[in-house]
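Presented below is the structure to which this report refers.
The values are calculated or read from the model by the stated rules, or taken from the named source; none is laboratory data. Keep in mind the model is a prediction, meaning the values are calculated, not measured. Here the Cβ positions follow ideal geometry from the backbone for every residue, glycine too, while neighbour counts run over all protein chains shown.
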Amino acid sequence: MSLLPNEVAKALNAVPTWDDGGHFLTGLEPGLDGIRALLDLGVAIRTHADELSRSRPLAGRTFAGMFFDPSLRTRTSMHVACNRLGADFVELQPGSGLWTMEFADQVTMDGTAAEHVYEAAGVLGRYAHVVGLRAFPTRGQWDREKSQPVHEAFASHAGVPIVNLEGPFAHPCQGLADAMTFRDLLGEPKRRKLAVTWAPHPKQLPMATVNSALWAGAAVGMDVVLTHPEGFELDPDALGHTERLAAEAGGSFRVTNDRDDAFADAEVVYAKSWGAYTGSAASASGHADAFAALRDWTVRSSDLAKGKPARFMHCLPVRRNVVVSADVLEGPQSAVLDQAENRIWGQAALLLALLGR
Amino acid sequence: MSLLPNEVAKALNAVPTWDDGGHFLTGLEPGLDGIRALLDLGVAIRTHADELSRSRPLAGRTFAGMFFDPSLRTRTSMHVACNRLGADFVELQPGSGLWTMEFADQVTMDGTAAEHVYEAAGVLGRYAHVVGLRAFPTRGQWDREKSQPVHEAFASHAGVPIVNLEGPFAHPCQGLADAMTFRDLLGEPKRRKLAVTWAPHPKQLPMATVNSALWAGAAVGMDVVLTHPEGFELDPDALGHTERLAAEAGGSFRVTNDRDDAFADAEVVYAKSWGAYTGSAASASGHADAFAALRDWTVRSSDLAKGKPARFMHCLPVRRNVVVSADVLEGPQSAVLDQAENRIWGQAALLLALLGR
Amino acid sequence: MSLLPNEVAKALNAVPTWDDGGHFLTGLEPGLDGIRALLDLGVAIRTHADELSRSRPLAGRTFAGMFFDPSLRTRTSMHVACNRLGADFVELQPGSGLWTMEFADQVTMDGTAAEHVYEAAGVLGRYAHVVGLRAFPTRGQWDREKSQPVHEAFASHAGVPIVNLEGPFAHPCQGLADAMTFRDLLGEPKRRKLAVTWAPHPKQLPMATVNSALWAGAAVGMDVVLTHPEGFELDPDALGHTERLAAEAGGSFRVTNDRDDAFADAEVVYAKSWGAYTGSAASASGHADAFAALRDWTVRSSDLAKGKPARFMHCLPVRRNVVVSADVLEGPQSAVLDQAENRIWGQAALLLALLGR
């Protein structure tokens, strides 16, 4: 296809298609080989971005992003990814200028909701070639939320691929960017140590990003060590995915409550806060207590020095001097801006794989 | 013009220009031949959409859409229509990040409004080549609202064509899509029976869509039967337009309060709710009473079976099991997604007719 | 570069680059020759707009506009300017769907702000090739605000040029449009009289626009006379910039409280309201008193008649019959729509100078 530079065309051909309509809800759908091929494709697109901006391989293709929750990086980077490939980006904010949406099955809609997700998804699938969806979990309903029901409802009714722009269980576009950044920082990340650490935060944040970061590290074969205070255990299924990927990719995975153990000899420290979904810290007051008691989990330069020393990553936005000290964030070990930029290229790879054949 | 595939160029040439600056406020401005030529053009664009996305016949042309009221389909489909032709879509929401607007003539603006429509329209006419406008009626002022005063104010001051993206009296872009869908479903719709039926809804909705649907059916020569409960009569001018179009196009039009009479032998059932603008049901409490008493006006599969059987249409958003039963909506007789998709192609035809010569 | 028509390429070559990373915060950064070369470039782009829309010299370049305050003209004209050159426009509204932002240095972010401007700016600089920023002053903190601290924070952390889309001290994109309009109206504006007059307004508006208008008139060599009631003196630094530019460009500048003195023999009357930043009128009640007492500062046709006669300019939005009488605004002497349109071309010149080499 003459619209693609050779290197990009070759990388695109190496990406397998995947089942389930091309949905990208956990980011695990393409399989290990697929994930790695997407990373290669992202690098090829980054190298040839200016040529692609001009040849516009996705001219006439529309990406519609539905944002139930706020976004700076995800929204902007997807807009830019679309632009670099000649696709059109349409943003929809249900809370701003849109009808309230109904999600329940078997409902008589005589309340406030004016539109059901079944029609909204169906219509978006007629208007767009891919639909992106950002919807955070509702706290206290983890059993229901972990299946990402809003995303599933769109996936079953849109008739086009759904891309998860952060859901309750996964933030797979962030995961692609994270894996690209591991490679950028380390060359070959296999058997290199990644410390993923919980960090303090006044709010009870979702677990999607930390899950996807663990999977990203495991997928590129790193020796992944997760550390968090007692009571902040992640969902067993998220841990299981990490274990499986690590085994398949030739790396390893373990969990420890000992920060120093995690940081020792680490080459990358990845910080992320999340709220407990079970136990005493799961309540608002329990989280406030934990936040007060665990402020020494803030990542500091002394922590990075325990590594080889380590580079620092975080998905942003980040609370300075709460999650991480300002000197780390602004220092030469920080890769947070590279990581943010890779959102563009990882997502562009995904778009090209879904729409550019 | 080499930017247009032959079939599109030929269809474009068949669309007459119309007076009044190209405004499309009721959708009746192009006349019967013009409306039908727009439908042909919409089909030609749909057939050649990918070529048009690449040749970009409207490159450098800007469509500015001003949304005083919320929108999912209209906004997104117009954005996509622009993209398919290479035009730029700019969205403006007066209630979000924009100045409050003054509409009164002869006013001393020392209150809250910071900008008068005269300058706002004038400026938009310098920035955009077509301005779209969505503004619903203010209830209880039908005599004033039926002339679509906000639209008229823009039309008289913008210096470029104004496209009505739903006003108090008409929703002409929906009408184009409806007429395209009648053709898609039936081939030649002439003398085929269309039943347009009122349906229950907890809110007092505008009449614009039902008016435009009636005109769409009449314009393609259908035998249009409107049915609604007593007290929900439409505006006499809306009915008059339908009669005139039906006579001109060789179809017919009548009104009945008997649902079964309307559904008998119908090939298409078009459901839409609206609030009465006069009489006892025009008040909020009167509407609530009518809503409670008239729930059996919900369209059900048994209603469609009274037709040949009939296909089902609705403009969306729709309240499941209130306006129409879920099984009809999701069943094979439903054409609501095709109808929604035709918004793209009807509007693209209009844009090309206005900007592509 | 074959993407640019010859006349545009030649005009672009005449624009010098400027220091400080290409930021355009006061609009004075390009120097007098640079400002004038941008005006020539704007005219060349305007002449060749359709060719540029098709050749897309800025394909693949992204402009991200961050709007902390509302905008109609600035937002839309920048969107159109981008489109005319093939660049992508991304809009960000911090108050709508974005994280609250922290601006203080040395802060522990355990309050409500989720993201620091340092990271937000850094990320936007990875996503966009130019970042636009609109942020009005906080009243009562003029000493701090006049340095445009939000803009400076972005400029020091974005790594790409920052374009001021109106700040506390300057509205330089408006200034470019104003200078273009002086030329359009007068041909050679040198030594032609420009009266810039304060006007009544119920709100205490910022001084950015009047500052930039003064600089624009001085930069094209006009004899600039500023008139305002006592107590509405502008910032000394703003006046100093005007004096310096006037001396350099061969024009003149003086201030008077006598309206008739200012209007006498003027060829252009430029009206703008602003709130006092010091003295008794700086308080809300003081402004209300002044507004009541000074309603005869409304610009009327009799004022224009004191000129040669004069043409009328205003940046819009404008309060009819408060700032200026409706007959002036709608009459043949008004150039407000031309002025608004020139926003497109001045900004397009700036974009091409920053990104098109």
task = For A:Ala290, state whether it is more than 21 Å from A:Gln148 (Cβ to Cβ) and of a type in the set (A, V, I, L, M).
result = yes
remark   = By residue number, the members of segment C:183-200 that are in a loop (DSSP other than H, G, I, E, B) and in contact with a His (Cβ under 9 Å, 6 or more places away or on another chain) are C:Ala199
key: Meets criteria (under 14 Å from the mean Cα position of the chain (by Cα) and farther than 13 Å from A:Leu25 by Cβ) for A:Ala177   = yes
ask   = Conditions: (1) modelled with pLDDT under 95; (2) surrounded by 24 or more Cβ atoms within 10 Å (Cβ to Cβ). B:Met313 meets all but one. Number of the miss?
value = (1)
query = Do we have any residue at all in segment A:142-158 that's modelled with pLDDT of 95 or more, under 18 Å from A:Thr62 (Cβ atoms), out of contact with any Phe, Trp or Tyr (no Cβ under 9 Å at 6 or more places or on another chain) and surrounded by fewer than 23 Cβ atoms within 10 Å (Cβ to Cβ)?
reply = no
query = Which residues, taken from segment A:17-34, are surrounded by fewer than 20 Cβ atoms within 10 Å (Cβ to Cβ) and aliphatic (A, V, I, L, M)?
reply = A:Leu32
request  = Restrict the check to segment C:65-83 and report whether at least one residue is more than 14 Å from chain B (Cβ to nearest Cβ), in contact with a Lys or Arg (Cβ under 8 Å, 6 or more places away or on another chain) and either surrounded by fewer than 19 Cβ atoms within 10 Å (Cβ to Cβ) or touching a residue at least 24 places away in the same chain (Cβ under 8 Å) (or both).
outcome  = no
query = Failed condition for A:Trp142, given (1) aromatic (Phe, Trp, Tyr); (2) farther than 19 Å from A:Gly65 by Cβ; (3) within 14 Å of chain B (Cβ to nearest Cβ), with all others met?
reply = (3)
ask   = What tally of residues in segment B:86-118 results from selecting those that are modelled with pLDDT of 95 or more and out of contact with any strand residue (DSSP E or B) (no Cβ under 8 Å at 6 or more places or on another chain)?
value = 1
Matching residues in segment A:203-245 - criterion: being crowded, with 24+ Cβ neighbours inside 10 Å and small (Gly, Ala, Ser) = A:Ala208, A:Ser212, A:Ala213, A:Ala216, A:Gly217, A:Ala218, A:Ala219
request  = Spot the failing condition for C:Tyr127; the list is (1) among the hydroxyl-bearing types (Ser, Thr, Tyr); (2) more than 7 Å from every other protein chain (Cβ to nearest Cβ); (3) touching a residue at least 60 places away in the same chain (Cβ under 8 Å), and only one is missed.
outcome  = (2)
message = For the structure I just gave you, tell me whether A:Gly167 is surrounded by fewer than 23 Cβ atoms within 10 Å (Cβ to Cβ) and assigned to a loop (DSSP other than H, G, I, E, B).
response = no
task = Considering every residue within segment B:127-141, establish whether at least one is modelled with pLDDT under 95, small (Gly, Ala, Ser) and either under 14 Å from B:His314 (Cα atoms) or out of contact with any strand residue (DSSP E or B) (no Cβ under 9 Å at 6 or more places or on another chain) (or both).
result = yes
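One line per residue, one yes/no per condition, for (1) within 16 Å of B:Asp20 (Cβ to Cβ); (2) within 10 Å of another protein chain (Cβ to nearest Cβ):
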| site | (1), (2) |
| --- | --- |
| B:Thr100 | no, yes |
| B:Val131 | yes, no |
| B:Lys146 | no, no |
| B:Ile162 | yes, no |
| B:Asp178 | no, no |
| B:Thr181 | no, no |
request  = Assess whether C:Val117 counts as being touching a Leu at 6+ places or on another chain (Cβ under 6 Å) and more than 8 Å from chain A (Cβ to nearest Cβ).
outcome  = no
task = Kindly indicate which of B:Gly286, B:Gly240, B:Gly221 is within 24 Å of B:Asp184 (Cα to Cα) and modelled with pLDDT of 95 or more.
result = B:Gly221
Among the candidates A:Ala14, A:Ala59, A:Ala37, residue that is under 13 Å from A:Leu176 (Cα atoms) and either crowded, with 18+ Cβ neighbours inside 10 Å or away from chain B (no Cβ under 14 Å) (or both) = A:Ala37
